[in-house]
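The structure appears below as structure tokens.
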Amino acid sequence: MNDAFKALSDPTRRRILELLADRDMTAGEIAGCFDISKPSISHHLNTLKSAGLVLDERNGQNIIYSLNMTIFQELMKWFFDFSEGGKKK
């Protein structure tokens, strides 16, 4: 979970996640939404992938990126448990 929090600390990566919340996208489509280099976008995507926040699937010559909702559910559970003072019911 630490990798997820570290990945979420960067505003570019948070914006990528917002884009992927709307629809699955290729790296090129994601890069088209930013004014930074494609290698930088690739680095951000690799960080998100390593943290388990995004999944990638090859579709022909393209790699399609999507949100990994399982990790988001785990993060939300942690936040909920934390807001409850760590109490288990």
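The values are calculated or read from the model by the stated rules, or taken from the named source; none is laboratory data. This is a predicted model, so every value here is computed, not measured. Methodologically, a virtual Cβ is constructed for each residue, glycine included, from the backbone with ideal geometry; neighbour enumeration extends over all protein chains shown. When the accessible area is computed, the model is the full protein with side chains, heavy atoms only, and any ligands, DNA or RNA have been set aside. Shrake-Rupley method; radii C 1.70, N 1.55, O 1.52, S 1.80 Å.
Applying a threshold of 8 Å to beta carbon distances and a minimum spacing of six or more residues, or different chains, the list of pairs starting in segment 9-36 at a residue that is within 15 Å of residue 47 (Cβ to Cβ) and ending at one that is polar (S, T, N, Q) and surrounded by 13 or more Cβ atoms within 10 Å (Cβ to Cβ) reads 10/47; 13/47; 20/66; 27/42; 34/12; 36/12. When residue 65 is tested against (1) part of a helix (DSSP H, G or I); (2) touching a residue at least 40 places away in the same chain (Cβ under 8 Å), only condition (1) is not met.
Which residue is nearest to residue 6 (Cα to Cα), if the candidates are limited to segment 36-55 and must be surrounded by 13 or more Cβ atoms within 10 Å (Cβ to Cβ) and more than 11 Å from the chain's Cα centre (by Cα)? Ranking the candidates gives 43 first. Within segment 76-89, no residue that is surrounded by 10 or more Cβ atoms within 10 Å (Cβ to Cβ) sits with its Cβ atom under 6 Å from a residue that is modelled with pLDDT under 80 at 6+ positions apart or across chains. Within segment 1-35, the set of residues being open to solvent by 80 Å² or more (accessible area, probe 1.4 Å), in contact with a helix residue (DSSP H, G or I) (Cβ under 9 Å, 6 or more places away or on another chain) and farther than 15 Å from residue 67 by Cβ comprises 1, 3, 6.
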